[in-house]
Amino acid sequence: MVDDDSERLRVLTELNRRFEASVPHNRALNLDIVAVEHARATVRLPYDVKLIGNPETGVLHGGAITTAMDAAFGAAVFQALPRPMVIATLDLRIDYLKPATPPRDVTIRAHCYKVTRNVAFVRGLAFHDDEADLIASGTASFMLGTSSSRRPPEQE
Amino acid sequence: MNRLIERIAAAKRSGEVSRLVEAVPYARFMGISAVVVGGELLGRLQFADHLIGNPMLPALHGGAIGALLESTAIFQLMWETEAILLPKTITLTVDYLRSGRAVDTFARGVLTRQGRRVASVRVDAWQDDRSRPIAVASAHFLIETAEMPEPAPPESDT
């Protein structure tokens, strides 16, 4: 079991290195992947005063929740792909069910429930500790293989 | 410090739209501001390295674009309606059309519906060329307005 745990920790550490080191905006929000399994990822958004949207209440801005959900959705897609490839968010819908409670961290659990040749579909939930007491719920779809080797970035 | 709603009222009176956001820590952190260009209220996301989501292209993080779209919708609501409280986002739907390059991004919100409790806004975001949006959003908000009292409770049958 110790070996399982240390292997899991090694995988998580490596994932976080890529998630944070290669994605500056994930690092700016101190987003952390706290667990992964096949097609699933759990991401934590730590409470931070710089992310406050309503200075009277201290509640986090919806944009921070949106960003954390987008990041968690992407992480779940990577866990579902047979090999690493570049992905791009096609659309994202977030339902805000209730404000996050300051100064608690927010956890996002995402599941990539379908992968086709070109598109991955994800849904996920945001909550503090209790998954039955939701802050937000979201769905997204991602284009797969949008790597610059296949298609150059759009020049305008 | 003034309450947010008083700041909004002051910003409306003075026409200094920058005051809409200077009280919001997240807007300062993101570099999101409200500007008036050619008589239109626009949201602006000033490019910064920490907004990058894909450093290889490089491209803006989808969440940063989402934050600009949602913020711009809220600016428009505060500007155009008699909202007395900060609108509460119910649902935000974003379509990503092009990758956001490492330059400033602008957005414009249009109120599509205002009811007593819910207002809806459509928002477009673009960079150099407004005719080539990088993302579009529609959002629904819970609002509370000063001029519209709560509906009277239904009359009981007599």
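Throughout, read-outs are computed from the coordinates displayed, never taken from laboratory work. What you see is a predicted model; the values in this text were computed from it and never measured. Note that each Cβ is placed from the backbone with ideal geometry, even for glycine, and that neighbours are counted across all protein chains shown.
Evaluating 6.51 cos²θ - 1.76 cosθ + 1.60 at θ = phi - 60° for every residue in the range B:105-118, the Karplus couplings come out as 10, 10, 8, 9, x, 10, 5, 9, 7, 10, x, 6, 10, 10 Hz, glycine and proline recorded as x.
Could you give the angle, 0 to 90 degrees to the nearest 10, between helix B:62-80's Cα long axis and the longest principal axis of the Cα atoms of chain B? Between helix and principal axis, roughly 40 degrees.
Where does the charge balance sit around residue A:27 when Lys and Arg score +1, Asp and Glu -1, over other residues with C-beta under 14 Å from its C-beta? Neighbourhood net charge equals 0. The phi torsions of the range B:42-56, fed into the Karplus equation with coefficients 6.51, -1.76 and 1.60 and a -60° offset, translate into couplings of 10, x, 10, 10, 6, 4, 8, 4, 6, 8, 6, x, 10, x, 6 Hz, rounded to whole numbers, with Gly and Pro shown as x.
Using a Gaussian network model of chain B in which every pair of alpha carbons under 10 angstrom is joined by a spring, one finds that among B:145, B:72, B:105 the greatest mean-square fluctuation is at B:145. If you average the C-alpha positions of the range B:70-115 and of the range A:41-67 separately, how far apart do those two centres end up, in angstrom? Computed from Cα coordinates, the inter-centre distance equals 18 Å.
Between residue A:34 and A:42, A:43, A:44, the built amide H atoms are under 5 Å apart, and every one of these is 5 or more places off in sequence or on another chain. For chain B, the relative contact order works out to 20 percent when only alpha carbon pairs closer than 8 Å and six or more residues apart are counted.
If you run the Gaussian network model on chain B, springs between alpha carbon atoms under 10 Å, then out of B:57, B:69, B:41 the most flexible one is B:57. Taking the C-alpha atoms only, the angle from helix B:4-14 to the longest principal axis of chain B is near 80 degrees. Note on the range A:45-141: along the principal axes its Cα atoms extend 47, 26, 19 Å, ordered by decreasing extent.
Taking all Cα pairs closer than 8 Å and separated by 6 or more residues, the relative contact order of the range A:2-144 comes to 22 percent.
With no solvent and one point on each alpha carbon, what is the Debye value of log10 I(q)/I(0) for the range B:4-142 at q = 0.09, 0.12, 0.19 Å⁻¹? The Cα Debye sum returns log10 ratios of -0.25, -0.44, -1.09.
Couplings for the range B:124-136, taken from phi via the Karplus curve 6.51 cos²θ - 1.76 cosθ + 1.60 with θ = phi - 60°, read 10, 10, 9, 10, 7, 10, 5, 7, 10, x, 8, 7, 10 Hz in order; Gly and Pro are left as x.
Is it possible to state the helix-based mean residue ellipticity at 222 nm for chain B, with each DSSP H run of 4+ residues giving -39500 (n - 2.57), the sum divided by total residues, to the nearest 500 deg cm²/dmol? What is it?
-7000 deg cm²/dmol
Comparing B:56, B:78, B:30 in a Gaussian network model of chain B, where Cα atoms under 10 Å apart are tied by springs, the biggest mean-square fluctuation is seen for B:56. Principal-axis analysis of the Cα atoms of chain A puts helix A:2-16 at an angle of about 90° to the longest axis.
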